[in-house]
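For reference, the structure is listed below as structure tokens.
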Amino acid sequence: MESRPAYEINAGQWVVAEVNGIRTLCLKAERVGKDHVNHFLVPLDPLGDRRHLRLHYLDPDSPLSPTDGYHLSFTPQDSPDVEPGDALNVDGVVWLKLLDLPSAQRLYCYVNMADGQVRPRMERRQSRPLRWHVQTI
């Protein structure tokens, strides 16, 4: 796995990075602003309490190691409440609900698991939550 700077890696790509000193499988995510792009990591494995799953800001020059051979599997949950760490299938697109950065205007954000783009809200179009697991292909 050859490391490259974060800005060279497309959003939605599986990567391996150091998160809080632990080598972690992540999804690279981006939030596009008017004049800039913010880069983030979504840690997926190893994973602690899903309810604390949040975006991690990433310096554009931070080294990341792209990887593949993983996918997410999903199972419906019984609870209708969507909590941070849950996935949603909205019109065929899977979104992951996360805690946003402490400096953000909103408490939650949603990451498109296919393209890694971050959206501020999905509350109006929520579906039944899905539990997800990382699997090796």
Residue-span extension gain [V93 to E18] - 0.36 nm each, minus C-alpha spacing: 24.2 nm
Nearest-20 debye value, the chain charge dipole, Cβ charges on Lys, Arg, Asp, Glu: 420
Relative intensity, log₁₀ I(q)/I(0), of the chain from a Debye sum that treats every alpha carbon as a point, q = 0.10, 0.13 Å⁻¹: -0.30, -0.52
Least to most buried among E83, E8, E30, E2 (fewest other Cβ within 10 Å first): E2, E8, E83, E30
Relative contact order %, the chain, counting alpha carbon pairs below 8 Å whose residues are six or more apart: 27
W132, W95 arranged by Cβ crowding within 10 Å, fewest neighbours leading: W132, W95
Length-normalised contact order for the range 70-136 - Cα pairs under 8 Å, 6+ apart - percent: 44
Shape parameters for the range 4-66, alpha-carbon atoms, Rg then Dmax in Å: 11.3, 35
Amide H within-cut-off set for D45, under 5 Å, with H built and near neighbours excluded: L25
G116 long-range amide H proximity, modeled H, under 5 Å: G12
Relative contact order for the range 1-78, counting Cα pairs under 8 Å that sit 6 or more residues apart, in percent: 37
Convex hull volume of the range 70-136 per residue (C-alpha atoms, cubic angstrom): 92
Residue-wise HN-Hα coupling along the range 57-69, computed from phi with Karplus coefficients 6.51, -1.76, 1.60 (Hz; x: Gly, Pro): 4, 10, 5, x, 8, 4, x, 10, 10, x, 8, 8, x
Protection-proxy order for peptides 39-49, 100-110, each taking the mean of Cβ atoms within 10 Å per residue, highest first: 39-49, 100-110
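Each reported figure results from applying straightforward, stated rules to the coordinates on display, with no laboratory input. What you see is a predicted model, and the numbers here were worked out from it, not measured in a lab. Note that we place each Cβ from the backbone using ideal geometry, even for glycine, and neighbour counts take in every protein chain shown.
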